[in-house]
Structure formats: C-alpha cells, structure tokens
Ligand SMILES: NC(=O)c1ccc[n+]([C@@H]2O[C@H](COP(=O)([O-])OP(=O)(O)OC[C@H]3O[C@@H](n4cnc5c(N)ncnc54)[C@H](OP(=O)(O)O)[C@@H]3O)[C@@H](O)[C@H]2O)c1
C-alpha cells in the first residue's frame, strides 16, 4: 500500500480506502463484512469510509464492531452527515441540531471517541453555511472530529466553506465526489479550485460500482450476487451505468488492461489515482478477494499512451458536465 496526504493537511490516508455503502448492514452478511474489513487491514488499508445514513445507520455499527480491538492510531475513520437518519424534520440536513446529534450517534455506533474526518454528505440549501461550519467547528474543538470534509459540493461552495473554515480555525481538507473513467465531472471546476485551496479528493465509485471490472456484459443478465442483482438497494444505484453502449465500450478496455498487466478493476482504480488532486480512491467490496485484486492498483503509473487509448474508447460515453455536481434543492 502507498499513502498520500489528505489535501494539504498532515494526515496520511491509504491510496485505497474501503467504504461500506450498500454492502455492510444490507447486501452482505456481517461475517462477510467483517472478513472484508480484516482483509483490508491485512492489505495495508488504514482508511475506512462510512456514513450515518448507510443501511439506515447499521453500516456504522457493523464497521465499529469489525474494527473493535484495532489500534485506533493505525486507523483513519471517516463518516458523514446530511441524508435522513430518521423520520423527523430534524433528522436530516446540516442544521446545528442535526450535526450535533448525528456525530454523537456515529461515534457511539463506531465505538470511538473521535472520527478523523467528518463530512457534509451534500450541501444543505436550507441551512446557512455559517451555521453548519460553526457546528463543525464546535465538534472539532470538542475533539469529536479532527478534520472536516464535504461531498459532492460545487467549486463555489467549497470555496465559501474554506473561507469560513479559515476564520473558525478548523481544517477543511477534503471533498468526496464520484470520479471514475466514466464520470469526470470534477475535472473542469472542482479539481482546480480544490488544488488552489489545498483540498484533496477522496473519490467514490472508482470502479463505477463494479461496471469497470467488465463483469457486466451487454445484452446479458447481471452475474449472480452482483450489485445489479441486489434489489434491496444496489440495483437502483448501478442502473445508470447498465446501458449496452457503456458496457460494450468497457469490454474494449480489456486488451488495454491485459497489455498493462492489470486486472480491469486495478486499471479503473489506478486511473483515478493518476490525478494528483486525488488523495484516495474509496473502493467497495463484497468479498475479500475483490480487495486483494483492487489494492494492487496502489502505486501503479499509467503512461500517456495508455491513457490516450482509454480516452479514445470511452470518449462518447464519458460524463464531463460540471453541472452534474449537485445537491438536492430541498432537504430530502
Ligand atoms: N459521498 C457519497 O455520496 C458516496 C456515494 C457512493 C459511495 N460513496 C463511498 O464510496 C465507497 C465506494 O463506492 P462503491 O461501492 O460504489 O465503489 P466501487 O469500488 O466502484 O464498487 C464497488 C463494488 O464493485 C464490485 N467490485 C469491486 N471490486 C471488484 C472486483 N475486483 N471484481 C469484481 N467486482 C468488484 C463489488 O460489488 P458486487 O460484488 O456486489 O458486484 C463492490 O461492492 C462507498 O462504500 C462509500 O464509502 C460515497
């Protein structure tokens, strides 16, 4: 494993992080989830990403139990707040009330006194940014979180938050956007602004939820047990990539991966890590073998000719529109 600084902070994160969206507390039984966490640790992954909302708060509890007994100093634990965790009007968003209540719930489920990074899961247009940032500052000053991050915020929103963070003497160090060979919407605006501000990207779905492994074939049904067959939640999210034109072009990447001596998953993860503003790629996994495959992308250098060949194949289906970075107009 290789390690990078999280943005312009002193915190080191593993180039590959393990995230538990869709899997822990939902798609995968607890024994399997624990086996994945232990495999991640054995492979040198030290950074774990979760959120209060995942599996209706169960994902944090599963992760907390799986990490129980590990040396806390050897881990970076990241969680998030914004999406609903209950039915009440205040069980969501980035109000001072919900931020305070949510961090306390997360810490208890994760069985830790602090998280290394606390992230705003989306921008909340119905709470003044000043209120949210003050609530984050109070959490940092109480020692419940060390650093602050955001997720899927636009460049202008990251800039406004960074200004307030400076005033409040807390460190806004990261943004967590979707980023993969297929989804490059951060490149035009979010990345240049983040570079200027010292904010690093911790990118999600670098394998496009499994699509970039090439295991979904055009015109055929999805492999047994894959996310596309997870009717509880996964199928709903991966659907956007399951189009025959996308799947056919992904198949064309196979000879490129083979020539580079990489698996398709390794090629996908290595691709996002070529961007120097990316601090870590958060992969998901339903089985330890997937992590064993994916971690080999750490430290891989892809040459310009290979990157050009990828672009030539994927160009017609790559999403680049910066307007696709968005948060709900109203609280969910
Ligand atoms: N901030 C946000 O809004 C946000 C949104 C989404 C995700 N995230 C974060 O990003 C993390 C990763 O997202 P993701 O799970 O979509 O990432 P991903 O790494 O693109 O996809 C992971 C899924 O792909 C399949 N897979 C992975 N490696 C494989 C391999 N080597 N061979 C075959 N299949 C493989 C597995 O699903 P199957 O085995 O079921 O096919 C696995 O669960 C999440 O856990 C979460 O922490 C954040």
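Could you work out how far helix 155-168 tilts from the main Cα principal axis of the chain, as a 0 to 90 degree angle to the nearest 10?
Result, in degrees: 40.
Give the order of 190, 269, 318 when sorted by the count of other beta carbons within 10 angstrom, beginning with the fewest. Each step should come with its number before you reach the end.
On the way: 190 25, 269 28, 318 17.
Neighbour counts put them in this order, fewest first: 318, 190, 269.
Which percentage, to the nearest 5, of the DSSP beta bridges contained in the chain is antiparallel? Walk me through the numbers before you get to the answer.
Numbers: 4 of 33 bridges.
Around 10 percent antiparallel, to the nearest 5.
Among 154, 159, 92, what is the fewest-to-most ranking by other Cβ atoms within 10 Å?
Details: 154 20, 159 15, 92 23.
Fewest-to-most ranking of 154, 159, 92: 159, 154, 92.
Kindly rank 247-254, 196-203, 260-267 from highest to lowest mean number of other beta carbons found within 10 Å of each residue. Display every interim value, and only then the final one.
Values: 247-254: 17.5, 196-203: 22.9, 260-267: 19.8.
The densest-packed peptide leads the list: 196-203, 260-267, 247-254.
Given axes a ≥ b ≥ c from the Cα gyration tensor, I'd like to know whether the stretch 243-313 is rounded (a/c under 1.5), prolate (a/b larger than b/c) or oblate. Don't jump to the answer; show the numbers that get you there.
On the way: a/c = 1.61, a/b = 1.18, b/c = 1.37.
Verdict is oblate for the stretch 243-313.
Using the Kirkwood formula over every pair of different C-alpha atoms, what hydrodynamic radius in Å results for the stretch 287-332?
Working: mean 1/r = 0.0688 Å⁻¹.
Answer for the stretch 287-332: a Kirkwood hydrodynamic radius of 14.5 Å.
Over the alpha-carbon set of the stretch 148-275, divide Rg by the Kirkwood Rh and report the Rg/Rh ratio to two decimals. Intermediate values should be presented prior to the final figure.
Working: Rg = 17.4 Å, Rh = 16.3 Å.
Across the stretch 148-275, the Cα-based Rg/Rh ratio is 1.07.
Working from Cα positions, state the angle (0 to 90°, nearest 10) between the long axis of helix 96-110 and the longest principal axis of the chain.
It works out to around 60 degrees.
Using only alpha carbons, build the gyration tensor for the stretch 164-222 and give me the equivalent ellipsoid semi-axes, biggest first, whole Å. Let's see the in-between values first.
On the way: eigenvalues 230, 26, 9 Å².
Ellipsoid semi-axes (Å, largest first): 34, 11, 7.
With n ≥ 4 as the cut-off for DSSP H runs, can you work out [θ] at 222 nm for the chain, using -39500 (n - 2.57) per run divided by the number of residues, rounded to the nearest 500?
Details: 12 runs with 120 residues, N = 332.
Helices in the chain give a 222 nm mean residue ellipticity of -10500 deg cm²/dmol.
Once the Cα atoms of the chain are picked out, what are the Rg and Dmax in Å?
Expressed in Å, the Cα Rg and Dmax of the chain come to 18.8, 55.
Using only the Cα atoms of the stretch 53-94, build the gyration tensor, take square roots of its eigenvalues as a ≥ b ≥ c, and label the shape rounded, prolate or oblate: rounded if a/c is under 1.5, else prolate if a/b is larger than b/c, else oblate. Spell out each step's value before the answer.
On the way: a/c = 4.17, a/b = 2.21, b/c = 1.89.
Since a/c reaches 1.5 and a/b is larger than b/c, the shape of the stretch 53-94 is classed as prolate.
Under the classification rounded if a/c is under 1.5, otherwise prolate if a/b is larger than b/c and oblate if not, where does the stretch 1-119 fall, given a ≥ b ≥ c as square roots of the Cα gyration tensor eigenvalues?
On the way: a/c = 2.04, a/b = 1.32, b/c = 1.55.
Here the stretch 1-119 falls in the oblate category.
What is the angle, in °, between the Cα long axis of helix 129-141 and the longest principal axis of the Cα atoms in the chain? Nearest 10 is fine, range 0 to 90.
80 degrees
Give me 79, 229 sorted ascending by neighbouring Cβ count inside 10 Å, so fewest comes first.
On the way: 79 29, 229 14.
The most exposed by this proxy come first: 229, 79.
Throughout, read-outs are computed from the coordinates displayed, never taken from laboratory work. Here the structure is a predicted model, which means the values were calculated and not measured. Cβ: placed from backbone, ideal geometry, glycine included. Neighbour counts: every protein chain shown.
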